[in-house]
Each structure stands twice: as C-alpha cells, then as structure tokens.
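Please read the structure below before turning to the comments.
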Amino acid sequence: MTKLTKKDILGMADLTVDEIHLILETAESFLEISTRDIKKVPTLRGKSIINLFYEASTRTRTSFEIAGKRLSADTINISASTSSVVKGETLIDTARNLEAMNPDIIVLRHSAAGAPHLLAGLVRQSIINAGDGAHEHPSQALLDMMTIREKKGRIAGLKIALVGDIQHSRVARSNIYGLNKMGARVVVAGPATMMPRDIEKMGVEAFTRIEDAIVDADVVMMLRIQLERQKQNLFPSLREYAQRYCLNRTNFKLAKSDAIVMHPGPINRGVEISPDIADDSGFSVILDQVANGVAVRMALLYLLSGGNE
Ligand code: CP
C-alpha cells in the first residue's frame, strides 16, 4: 500500500493493519526533517490546515501546527474560547463557515464523542480526530506505536500494560484498538470504578492491581486520571490513588528488565507516575513520544493530501 484512500482519520477502529503500517513508515521517513537546520520541505505548499480545538491541548495542537509548517502548509489555529463559539455558534455552523473558506484539512478536538464523525459527513474537507471525548485519539495511538517500534523493533508479541483511568481515556481506547490489530498482548489495570464494563470484549486482560498488569511487561503505559470527564468521585483521594496505582521504582521492578515507560501527557507527577520514573532516560520514552508526534502528524497531513500522487 502506498497511499491512503480514506478521506478522514477518525479512529484506530477504522484503520486497517496495512494503513497503520503505511502511516508509521511514512512518519519514520519524515523524522529526519525535524533534525535539519532548516526544518522545512515544500511538500504541502499551497495547502491550508485548520486546527479547531474545543478543548485544551499542548502537545497535539502544537505538533499538528509544527507538522503542517514543516511541510510548508498554511496552518491556522482556532480555540473555542477565542472564537464565535463563545457567542453561541454551534459546531456545525462553525464547520460550515470554515468550509466556505476552502481549507484542505480540519483537525478537530472536541469534548463530545463522535464530533469528528459528524463533521466528516458534513464538510468536503478531510477531518482528523485530535481527540473526541472519551472515545478516540488516533494520532496519539499512532505516535505511541511508532515509539514502541522504534524502541523495541516490533509490536507483535509484546506485552503492553495500560494503567490508570481506562474508562475515560481516549488514549487507552485508541491504543487498545491499534495494538491489538498489530498483534500485541494488551493488559489493562485500574480501579474498578474506572474500568469499562465488559472491557475484555475489546480483547484485553483486565486487573484491578497495577502489579498484576505490569509483571513481565515490555511496555508500561501510564494514563492520567481524566477528572474533567468524571461526573462523580471515583476514588477516595489522590493520595490513596497514588498509593495503589502510581508507577514507582518498587512496582516497576516487576516489568521486564528492558521495559520502557510511556505516558501521553500531561503528567500528574506523584499521582500516576513518580517523578524519578518519568525523568529516567534509561527507560522513560515520554519525550520520544512527543518528538514522534510531529512525524506522525506530518505523515497524516501528507497522506490525506494525496501522499505521493
Ligand atoms: N497527549 C495529548 O493529547 O496531550 P495534549 O492534551 O496536551 O494535546
């Protein structure tokens, strides 16, 4: 496969194994551009990309903007808080007005699951889901997979543990879809109050003790508690959560001796991950994930723009 035939990137559930391979290989080929003195190629000159973010973001929005600029596209950032959304304009009206300006790609982050799917059926532009509620965050899962391949040489056959607020994590959901397709053994752990009912139907093993999930793991991916999506208190206190679920030097010894530690960010230091684990470059690949995020987003913008046509 040398090109994507999809109009939109909405979720890992929709991507085939061949499409995932194409995106990862394209991203790997783009890595080198970010190491040059002049970090720019003319590939997407004349294309316009709108980053439409209804939720806060540091990594995703910045890396989509940098990705577009490194490919010479014009990138425009719109935050809900500084747009006419605050005057009551709906998502659909906003999208229709942006469509009238004829951009090529709209990157959307929204608190409502399914918002990117709605726009994809409404406007002619390509839509990239940059996170929709607790549903999916496909570009995050792709950069996570790229980082695992870079550090471990493969994904198939690895034991990958996802720990934390599984219920509200779009990162967990996208990684479960993607990693399963790529042949990994995915295990999850978290409090029962933050674990989706029937999670095993997604093809994972589920535990309530972090120790049971990370034993012999090749990859330990820690997840943030998504307080902004929790409608009630799901644990007694952050201190108690940290006592049971924080990755630290003691429980990390249960993983394989060459295991890597991942986190999508933002990190709550001392809650889901202890600072000395997060900052240990011997096994923490958290900033490699961020660097690979630019390459993955360059690949998505390039492939949705027609790739090597
Ligand atoms: N991982 C991630 O989505 O981070 P941001 O919320 O900062 O974009």
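The values are calculated or read from the model by the stated rules, or taken from the named source; none is laboratory data. Model, not experiment: these values are computed from the prediction. Cβ placement follows ideal geometry from the backbone for every residue including glycine, while neighbour counts extend to all protein chains displayed.
A few remarks follow.
- Subset tally (residues that are surrounded by 20 or more Cβ atoms within 10 Å (Cβ to Cβ) and under 21 Å from L71 (Cβ atoms)) for the stretch 273-309: 14
- Here the stretch 32-63 is the region considered, the condition is being part of a helix (DSSP H, G or I) and of a type outside the set (S, T, Y), and the residue that is farthest from the ligand (Cβ to nearest atom) is E32.
- D216 satisfies every condition listed in (1) under 21 Å from the mean Cα position of the chain (by Cα); (2) modelled with pLDDT of 95 or more except (1).
- The stretch 172-185, subset more than 17 Å from G114 (Cβ to Cβ) and touching a strand residue (DSSP E or B) at 6+ places or on another chain (Cβ under 8 Å), residue farthest from the ligand (Cβ to nearest atom): R185
- Taking the conditions (1) in contact (Cβ under 8 Å) with a residue 24 or more places away in the chain; (2) over 21 Å from D144 (Cα atoms) in turn, S63 satisfies each one other than (2).
- Evaluation of R297 against the conditions (1) within 21 Å of A213 (Cβ to Cβ); (2) part of a helix (DSSP H, G or I); (3) touching a residue at least 40 places away in the same chain (Cβ under 8 Å) shows that the sole unmet condition is (1).
- Unique match (being in contact with an Asp or Glu (Cβ under 9 Å, 6 or more places away or on another chain) and of a type in the set (K, R)) among R209, R229, R197: R229
- Residues of the stretch 205-246 satisfying the condition of being under 20 Å from A141 (Cβ atoms) and surrounded by 21 or more Cβ atoms within 10 Å (Cβ to Cβ): A213, I214, A217, D218, V219, V220, M221, M222, L223, I225
- Enumerated helices (runs of 4 or more DSSP H) restricted to the stretch 230-286, each holding at least 3 residues that are within 16 Å of the ligand (Cβ to nearest atom), at pLDDT 95 or above and within 22 Å of P191 (Cα to Cα): none
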